[in-house]
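Colleague: Below are the structure tokens for one structure; questions will follow.
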Amino acid sequence: MDPLALQLKKLSLRNIRHVALDIDGTIYRGDTLFDTTEPFVTLLGELGIGYTLVTNNPSKNLTDYVEHLAALGLAIDGQQIYSSTQATLEYLRTEWPKVRRLFVLGTPSMCKEFEAAGFLLVPDDAEAEPDAVVVGFDMTLTYSRLCRAAWWISKSKPFFATNPDRICPTDEPTMLVDCGSICAALEAATGRKPTAVLGKPDPAMIRGILHRHGLLPHELAMVGDRFYTDIAMAQRAGAFSVLVLTGETTAALASTHRPAPDLVVNDLAAFGARLREAHEQEVPI
């Protein structure tokens, strides 16, 4: 991190003008909106602080997220959501402009987003050769398609992962195997790592928000429940990092992890209290 970023990170919560909120494990878990979410969003409005929902979960497209959140009782505009699908699409457009035919391991919702962006998704057929393979959080994954993806990867096709998450938080009695774990299986089978892993902790996701809203890094707080995605991204981008203990990370792990986030709180209510206090009176963090 450059000296300017280090200096800015010493500034207080009073300077926060925008909050980037992780979704799974931070504002809800599965189909359960945390009780702290709506009051926190209301508080942000009272303080004049904007917010964007940032998620590594590509299983839903923007329309699905808006509808899902509305069903849970949270009204939000699609422009307030930035997912790893958008990050992957932007990366392919800028870094791999000749890639147009994709073999995708992803939900129908995610696949629609790639098709809407102009990509051709090829079927599970040895004759339908893709330019590249894209792997996401595929809750509709079949063994046949996993094997086909491994086949194309073994034939030296570029291999892109939408996100590195190993599991997705859930309120159900199960474990949701996420993109990172699917990629681990493919790497074990083929001996090849992904050509690129998009989504958090890639700081490009935060830089996009900063650019969109005309912000400096110290004016944005990234709030999430995972060190290796949310907190790592904030630290790489020079933004203020806030760990909430409502998702994957336990208090015990938070107490020993280095580098430590700027702030660790139990939930959004606790972070909201710190934000309100900082905006009412300058206090050390």
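Taken together, the values in this text are just the output of simple stated rules run on the coordinates, not laboratory data. Worth saying up front: this structure is predicted, and the values here are computed from it rather than measured. Ideal geometry is used to build each Cβ from the backbone, glycine not excepted, and the neighbour counts take in all protein chains shown.
Colleague: Report the calculated FRET efficiency for Ala260 and His213 (r = Cβ-Cβ distance, R0 = 22 Å), to the nearest 0.05.
Modeller: Efficiency, rounded to the nearest 0.05: 0.25.
Colleague: Given the options Pro169, Pro108, Pro201, which has the most mean-square fluctuation in a GNM of the chain, springs set between C-alpha atoms less than 10 angstrom apart?
Modeller: Pro108
Colleague: Let me ask another. Treating only the Cβ of Lys, Arg, Asp and Glu as charged (+1, +1, -1, -1), what charge dipole size does the chain show about its Cα centre? Round to the nearest 20 debye.
Modeller: Numbers: 26 positive and 35 negative charges, 210 e Å.
Charge dipole of the chain: 1000 debye, to the nearest 20.
Colleague: Any chance you could list the semi-axes, whole Å, largest first, of the equivalent ellipsoid that the Cα gyration tensor gives for the chain, using √(5λ)?
Modeller: Values: eigenvalues 234, 73, 63 Å².
Listed largest to smallest, the semi-axes of the chain are 34, 19, 18 Å.
Colleague: R0 = 35 Å: FRET efficiency of Ala185 with Glu280, Cβ-based, nearest 0.05?
Modeller: The formula returns an efficiency of 0.10 here.
Colleague: A further question follows. Test of understanding: in a Gaussian network model of the chain with alpha carbons linked when under 10 Å, which of Asn56, Asn15, Asn163 would top the mean-square fluctuation ranking?
Modeller: Comparing Asn56, Asn15, Asn163 in a Gaussian network model of the chain, the most mobile one is Asn15.
Colleague: Moving to a separate point now. Lysine pairs, Cα distance under 15 Å, 8 or more residues apart or cross-chain: how many in the chain?
Modeller: Lysine pairs, 8 or more places apart or on different chains, close enough: 4.
Colleague: Test of the criteria: in the range 77-181, which trypsin sites (Lys or Arg not before Pro) are in a DSSP loop and have at most 13 other Cβ atoms within 10 angstrom of their Cβ?
Modeller: Those satisfying the criteria are Lys98, Arg100, Lys155.
Colleague: Efficiency by 1/(1 + (r/R0)^6): what FRET value for Asp31 and Asp125, r their Cβ-Cβ distance, R0 = 35 Å, to the nearest 0.05?
Modeller: Details: r = 35 Å, r/R0 = 1.01.
That pair, Asp31 with Asp125, gives E of 0.50.
Colleague: In addition: Of the candidates Arg212, Arg29, Arg192, which one comes out as most mobile in a Gaussian network treatment of the chain with C-alpha springs shorter than 10 Å?
Modeller: Greatest mean-square fluctuation among the candidates belongs to Arg212.
Colleague: Between Rg and the Kirkwood Rh of the range 1-144, both from Cα atoms, what is the Rg to Rh ratio?
Modeller: 1.06
Colleague: Further, regarding this structure: If each of Ala75 and Met139 carries a label point 7 Å out from its Cα toward its Cβ, how far apart are those two points in nm?
Modeller: Going from the Ala75 label point to the Met139 one covers 2.6 nm.
Colleague: Rounded to the nearest 500 deg cm²/dmol, what is the calculated helix-only ellipticity per residue at 222 nm for the chain, with -39500 (n - 2.57) per DSSP H run of length n ≥ 4? Numbers along the way, then the final one.
Modeller: On the way: 11 runs with 109 residues, N = 285.
The helix contribution divided over the chain gives -11000 deg cm²/dmol.
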